[in-house]
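S.K.: Sharing a structure below in structure tokens format, with a few things to ask.
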Amino acid sequence: MNPAPRTALIIGGGVTGLSTAYHLAKRGYGRVIVVEKEGLGAGSSRRAAGITTGLLWSETGVRARKISLQLFRELSRTLPGYHYHAEEGCLNLFTPEAWPARAALLPLYDRCGAAYAVLTAGEVQSRWPDLRVPDGFVGLHDPMGGYSEPPDYLCALAKAAVAAGVEIRVPAQVTGWIFDGTRLAGATTTTGPIHADVVVSAAYAWTGPLLQGLGLSFPVKAFVHQRYLSTPLTTPLRLPAVNADPWGGYVRPAAGGRILMGVETADRDEHRVTSADFRLEALAAPEGLRERAQAHLASLLPALAGVGWEQDEVGLICFSMDGEPVVGPVSAVPGLFVGTAFHSGGFSYNPAVGWLLAEWVHEGRPSLDLAAFSPDRFPAAASADYLATTVPQRLAVRRRH
Ligand SMILES: Cc1cc2nc3c(=O)[nH]c(=O)nc-3n(C[C@H](O)[C@H](O)[C@H](O)COP(=O)(O)OP(=O)(O)OC[C@H]3O[C@@H](n4cnc5c(N)ncnc54)[C@H](O)[C@@H]3O)c2cc1C
């Protein structure tokens with residue numbers, strides 16, 4: 001008699017959960033079930049700007065993003081309805097004062113084989129005449145970076161996951177836990193119990209209230225973040241995705257000749273998610289923020305002045321105490337894996353994180369050393385102190401996409 005197939009339960013139908021489920025099913029893991037309490041992408045995933053760069057700050061981050069960039073390209077070829085826009089790459093802008101800290105990372109990019117070009121303000125402007133970059137500013141161009149339209153990606157990934165055999169249950173909310181001795185062996189949900197060999201928590205901003213019942217609390221803070229979509233421009237622009245940190249935001253081209261603009265609210269305090277039933281619709285951007293950001297970013301992209309707007313999205317971005325993601329097995333709860341705290345770059349991380357978690361669950365270890373992302377890395381006392389303080393976004397480790 002054949003043994004019963006193994007079951008993996010994935011909590012959260014955002015890009016992290018769906019990507020993990022997709023890669024597990026493609027590897028032939030057995031039964032893969034995703035439970036989502038609201039709707040696929042109803043968390044931050046559908047709201048994301050979808051900008052991606054491989055030029056991060058740590059070796060693990062750069063190597064993980066290399067996997068993501070390769071997978072975005074592959075998925076763009078294989079998932080009907082999804083296109084990865086890497087035609088103009090991703091441009092990261094720096095003031096003269098901020099540049100030396102980033103320039104110090106160029107040897108890391110060389111060592112990891114991450115492609116880049118350093119551009120003067122004049123070179124940026126001659127390549128993309130719609131941009132106005134002040135003299136002395138520096139452009140770090142990532143030719144492998146770019147952007148996706150998150151709703152297209154979510155839809156294509158969910159369809160591919162189902163085609164690969166993933167069962168998606170929505171709405172279905174995890175409400176409690178099932179143990180077999182000391183090992184986590186599934187969860188109770190609003191649609192009944194699900195027994196599983198492995199449970200993957202991909203609940204992002206809800207990780208705190210979700211895992212509290214297991215006695216876990218990771219030093220992670222959530223911050224409100226917002227982005228806006230313009231009405232179509234009369235003449236579409238040829239632009240890269242631009243991470244414009246000196247302007248406190250970012251811009252990219254969007255479908256139908258539109259512009260997408262994202263804005264950071266550096267002085268806003270963290271948003272504490274204390275209830276499992278919390279919904280992102282409860283959040284709002286500050287009054288007048290869009291108009292102020294539009295005026296400010298128009299000095300970089302004059303075409304922004306005077307554009308109209310047709311969509312606002314407000315969600316949460318989550319930062320761990322050291323600014324790195326939290327990905328991997330939790331040694332205090334055998335059977336549990338976690339993927340969360342992707343700073344402002346969880347969309348960009350999702351292909352790699354799904355791939356690596358699937359390797360870990362299916363083969364017992366990932367092909368990339370993820371010790372720097374380990375859920376076990378935080379000392380208990382420092383975590384408790386961090387969680388007890390209220391942090392404004394400017395004091396969380398700054399990370400852009
Ligand atoms: C405005 C904005 C712009 C952004 N722009 C970018 C960008 O340009 N590039 C980038 O890389 N990243 C960007 N991000 C960040 C990115 O959106 C997130 O990091 C990413 O979507 C996280 O994906 P996730 O699947 O881990 O989380 P989510 O998409 O939040 O998914 C978690 C899911 O878990 C579900 N859930 C929670 N609790 C339970 C439960 N008990 N039972 C069942 N289901 C549950 C939730 O309903 C939710 O759907 C942006 C974020 C925002 C808000």
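Residues checked against (1) surrounded by 18 or more Cβ atoms within 10 Å (Cβ to Cβ); (2) not charged (D, E, K, R):
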| residue | (1), (2) |
| --- | --- |
| GLU167 | no, no |
| ALA172 | yes, yes |
| THR182 | no, yes |
| THR190 | no, yes |
| HIS195 | no, yes |
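S.K.: Further question: What are the residue pairs meeting all of these: first residue in region 334-355, first residue of a type in the set (A, V, I, L, M), second residue assigned to a helix (DSSP H, G or I) and within 7 Å of the ligand (Cβ to nearest atom), Cβ atoms under 7 Å, and 6 or more apart or on different chains?
M.R.: Here the result reads VAL353/THR16, each pair linking region 334-355 to a residue that is assigned to a helix (DSSP H, G or I) and within 7 Å of the ligand (Cβ to nearest atom).
S.K.: Going through GLY113, GLY145 one at a time, which residue ends up being of a type outside the set (Phe, Trp, Tyr), modelled with pLDDT of 95 or more, surrounded by 20 or more Cβ atoms within 10 Å (Cβ to Cβ) and closer than 23 Å to TRP355 by Cα? Let's see the steps before the verdict.
M.R.: Details: GLY113 fails: surrounded by 20 or more Cβ atoms within 10 Å (Cβ to Cβ).
Among GLY113, GLY145, only GLY145 is of a type outside the set (Phe, Trp, Tyr), modelled with pLDDT of 95 or more, surrounded by 20 or more Cβ atoms within 10 Å (Cβ to Cβ) and closer than 23 Å to TRP355 by Cα.
S.K.: Looking at (1) surrounded by fewer than 21 Cβ atoms within 10 Å (Cβ to Cβ); (2) closer than 30 Å to SER383 by Cα; (3) modelled with pLDDT of 95 or more; (4) more than 15 Å from the ligand (Cβ to nearest atom), which is the only condition HIS296 fails?
M.R.: All conditions are met except number (2).
S.K.: So, one more: Determine whether region 78-93 contains at least one residue that is out of contact with any strand residue (DSSP E or B) (no Cβ under 8 Å at 6 or more places or on another chain), in a helix (DSSP H, G or I) and under 23 Å from GLY249 (Cα atoms). Give the steps one after another, and end with the answer.
M.R.: Initial filter on region 78-93 (out of contact with any strand residue (DSSP E or B) (no Cβ under 8 Å at 6 or more places or on another chain)): 78-83.
In the following step, the residues that additionally are in a helix (DSSP H, G or I) were identified as 78.
Narrowing the set further to residues that are under 23 Å from GLY249 (Cα atoms) leaves none.
The answer is no; no qualifying residue exists.
S.K.: How about region 316-335: which of its residues are within 14 Å of the ligand (Cβ to nearest atom) and crowded, with 21+ Cβ neighbours inside 10 Å?
M.R.: Of the residues in region 316-335, the ones within 14 Å of the ligand (Cβ to nearest atom) are 316-320, 323-327.
If the condition is that a residue be within 14 Å of the ligand (Cβ to nearest atom) and crowded, with 21+ Cβ neighbours inside 10 Å, then LEU316, ILE317, CYS318, PHE319, SER320, GLU324, PRO325, VAL326, VAL327 are the ones that fit.
S.K.: Under 7 Å between Cβ atoms, which residue pairs at least 6 apart in sequence (or on different chains) link something in region 166-185 that is part of a strand (DSSP E or B) with a partner that is among the aromatic types (Phe, Trp, Tyr)?
M.R.: Once the first residue is part of a strand (DSSP E or B) and sits in region 166-185, its partners that are among the aromatic types (Phe, Trp, Tyr) give LEU184/TRP177; ALA185/PHE179.
S.K.: Tally the residues that are part of a loop (DSSP other than H, G, I, E, B) and touching a Lys or Arg at 6+ places or on another chain (Cβ under 9 Å), restricting the search to region 343-366. Quick ask: steps written out before the conclusion?
M.R.: Step one: list which residues in region 343-366 are part of a loop (DSSP other than H, G, I, E, B), which gives 344-345, 364-366.
Of the ones still in play, those that are also touching a Lys or Arg at 6+ places or on another chain (Cβ under 9 Å) are 344-345.
Number of matching residues: 2.
S.K.: Name the residue, out of LEU237, LEU260, that is of a type in the set (A, V, I, L, M) and under 20 Å from ASP312 (Cβ atoms). Write out each step before concluding.
M.R.: Values: LEU237 fails: under 20 Å from ASP312 (Cβ atoms).
Exactly one of LEU237, LEU260 is of a type in the set (A, V, I, L, M) and under 20 Å from ASP312 (Cβ atoms), namely LEU260.
S.K.: Same structure, new question: Might you let me know whether region 284-307 holds any residue that is within 27 Å of VAL200 (Cα to Cα) and without any contact (Cβ under 8 Å) to a residue 40 or more places away in the chain?
M.R.: Taking region 284-307 as the starting set, the residues that turn out to be within 27 Å of VAL200 (Cα to Cα) are none.
No; the residues of region 284-307 include none that is within 27 Å of VAL200 (Cα to Cα) and without any contact (Cβ under 8 Å) to a residue 40 or more places away in the chain.
S.K.: While we're on this one: Filter region 1-51 for residues that are within 12 Å of LEU154 (Cα to Cα), within 6 Å of the ligand (Cβ to nearest atom), part of a loop (DSSP other than H, G, I, E, B) and in contact with a strand residue (DSSP E or B) (Cβ under 8 Å, 6 or more places away or on another chain) and give the result.
M.R.: Those that are within 12 Å of LEU154 (Cα to Cα), within 6 Å of the ligand (Cβ to nearest atom), part of a loop (DSSP other than H, G, I, E, B) and in contact with a strand residue (DSSP E or B) (Cβ under 8 Å, 6 or more places away or on another chain): GLY13, GLY43, SER44, ALA48, GLY50.
S.K.: While we're here: One residue is enough: does region 90-108 have a residue meeting the conditions in contact with a Ser or Thr (Cβ under 8 Å, 6 or more places away or on another chain) and in contact (Cβ under 8 Å) with a residue 60 or more places away in the chain?
M.R.: Yes: region 90-108 contains one or more residues that are in contact with a Ser or Thr (Cβ under 8 Å, 6 or more places away or on another chain) and in contact (Cβ under 8 Å) with a residue 60 or more places away in the chain.
S.K.: Continuing with this model, one more query. Mind checking which residues of region 264-293 are outside any loop (DSSP other than H, G, I, E, B) and either surrounded by fewer than 12 Cβ atoms within 10 Å (Cβ to Cβ) or among the small types (Gly, Ala, Ser) (or both)?
M.R.: Initial filter on region 264-293 (outside any loop (DSSP other than H, G, I, E, B)): 269, 280-282, 289-293.
Answer for region 264-293, where residues must be outside any loop (DSSP other than H, G, I, E, B) and either surrounded by fewer than 12 Cβ atoms within 10 Å (Cβ to Cβ) or among the small types (Gly, Ala, Ser) (or both): GLU281, ALA282, GLU291, ALA293.
The values are calculated or read from the model by the stated rules, or taken from the named source; none is laboratory data. What you see is a predicted model, and the numbers here were worked out from it, not measured in a lab. Glycine also receives a Cβ, built like all others from the backbone with ideal geometry; neighbour counts cover every protein chain displayed.
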